[in-house]
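Working notes, structure below.
The values are calculated or read from the model by the stated rules, or taken from the named source; none is laboratory data. Quick caveat, the model's predicted, so the values are computed rather than measured. Cβ sites come from the backbone with ideal geometry, for glycine too, and all protein chains shown count toward neighbours. All accessible areas refer to the heavy atoms of the entire protein, side chains included, with ligands and DNA or RNA removed. Shrake-Rupley method; radii C 1.70, N 1.55, O 1.52, S 1.80 Å.
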Amino acid sequence: MVAPVFEEFDPASDCECPGCVDRRRAAAASRAAGTGGRPAAHRAVVVAAAASAVLGTGQAAPALAAPQQAPDRPGAPADDGPETPQGVKAPLHGPGGKPAGAARLPATTRTEIIDRAEKWVAAKVPYSMSAYWSDGYRQDCSGYVSMAWNLPGNEWTGSLHTYATRITKEELQPGDMLLFHNPADPTNGSHVVLFGGWTDYTHGYYTVYEQTRPTTRRLATPYAYWTNSSKYVPYRYKGLTADPVVPQVPGKEGGGDGANPGSGAVPPAYPGRAAFGPGADNKHVTRLGRLLVERGAKRFYASGPGPRWSDADLRATQAFQQAQGWSGAAADGLPGPLTWSLLTTGKGRDIAPAGSGAVGAPAPAPRVPAYPGRGMFRPGADNAHVTQLGRQLVKKGFGRYYTQGPGPRWGEADRRGVEAFQRAQGWRGGAADGYPGPETWRRLFS
């Protein structure tokens, strides 16, 4: 993206879409409220933008802004640090709405938070710091999180933390927030996003839900964010309650459980589906592994079980599910409430011994070769790992870009093949840049 040389704002437009109307209104209000020092500041930004273009940075940086961190992965969009001015704390539907009254913490679950966040993604809600959506929440980043958390009013980045408890990166789960509040320029330099879950086991990328220009989006994003990464702080909503546990019915979607739920009550200790799967790292994964070992899954674990979800946990869970007579989506290797119930109560059938030919004793999965590192896959690279990668892409059905080979020299055909494979995993943006990271490698060779 080429940085504008003379302006840091969009050219004047007659477009009547809500986004353009809101931008023109905000720009007019900003000029009307300006002080004598504003034009000088504006000229400083223009000069910074021009210098940025001359130096070839590709992104105009506002004058006096904090240093911005480059994305930690090649190909990540350099302009994904959005310009996100926000409104101040306000009641629902704006200044004319009813006051929220005494502060309260409405109870909500992680599923409800993500469901509300998804509604704005589906509706493509236009970004605005002055407009309010039909549900009463302001159409900026802090209004979006206020909506997802079902707060009684429209908060801003300077107040959202009062509704939350600070946590660590390792504790993040879907529905938590990552907050960057910039006290030097609170309304224009701050941003807040919702955490939607890790996209790889390295915890380098996660699914972000955020309100930004032009509309609400869901995108694979490097932790903690494209820019100002070190300044984002993870928080958990104080009013969070556990998702209700619902027994599964044969043939129905949800957690890979296909047995009759009438065989026993679902134990309340089930931690939820978010506790398991790629990227999960918690005590529930350890407990699951130990329960599976007790039921005959020891051969799947070369070490552990441990807190980080692995292919061993997947295959061991799948073997236990198959031992119950389940198949297809009902034996997908991800523990749902009924799998958990059978394991924690000691019910159901054990996993058959290896080589017995009985259901529940699948052949060991092929060993994934060690990931050689990102440096092996770059323009100019010439090594055996590039050939190995290309052959696996062809084997997996992503070799249509090769006119010859694959060979040891890294080329555009390799990059496009990897990008196609990454997009097939549901990744977008910088997570589908065509350069294989550890998770791409693991999935490709699994």
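How many of the residues making up segment 175-196 are open to solvent by less than 30 Å² (accessible area, probe 1.4 Å) and touching a residue at least 40 places away in the same chain (Cβ under 8 Å)? Talk me through it step by step, then tell me what you get.
Quick first cut of segment 175-196, residues open to solvent by less than 30 Å² (accessible area, probe 1.4 Å) only: 175-180, 189-196.
Checking the rest, the ones that are also touching a residue at least 40 places away in the same chain (Cβ under 8 Å) come to 175-180, 189-194, 196.
Residues in segment 175-196 being open to solvent by less than 30 Å² (accessible area, probe 1.4 Å) and touching a residue at least 40 places away in the same chain (Cβ under 8 Å): 13 in total.
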Among the acidic types (Asp, Glu) and under 24 Å from Pro278 (Cβ atoms): does that describe Glu419? yes
Whichever residue in segment 393-427 is open to solvent by 40 Å² or more (accessible area, probe 1.4 Å), assigned to a helix (DSSP H, G or I) and over 19 Å from Ala220 (Cβ atoms) and, among such residues, is modelled with the lowest pLDDT: Lys395
Could you tell me which residue of segment 129-178 is nearest to Thr221 (Cα to Cα), considering only residues that are in a loop (DSSP other than H, G, I, E, B) and hydroxyl-bearing (Ser, Thr, Tyr)? Thr168
Within segment 180-203, of all residues that are more than 13 Å from Pro85 (Cα to Cα), touching a Phe, Trp or Tyr at 6+ places or on another chain (Cβ under 6 Å) and not aromatic (Phe, Trp, Tyr), the one modelled with the lowest pLDDT is Thr199
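Per-residue answers, yes or no, for (1) open to solvent by less than 60 Å² (accessible area, probe 1.4 Å); (2) more than 18 Å from the chain's Cα centre (by Cα):
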| site | (1), (2) |
| --- | --- |
| Glu112 | no, no |
| Ala123 | yes, yes |
| Gly136 | yes, yes |
| Thr157 | yes, yes |
| Thr165 | no, yes |
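Pick from segment 236-256 the residues that are farther than 19 Å from Asp281 by Cβ and modelled with pLDDT of 90 or more: which of them is most open to solvent (accessible area, probe 1.4 Å)?
Within segment 236-256, the subset farther than 19 Å from Asp281 by Cβ is 237-256.
Filter once more, keeping what is modelled with pLDDT of 90 or more: 237-241.
Details: Tyr237: 7, Lys238: 107, Gly239: 9, Leu240: 48, Thr241: 62 Å².
It comes out as Lys238.
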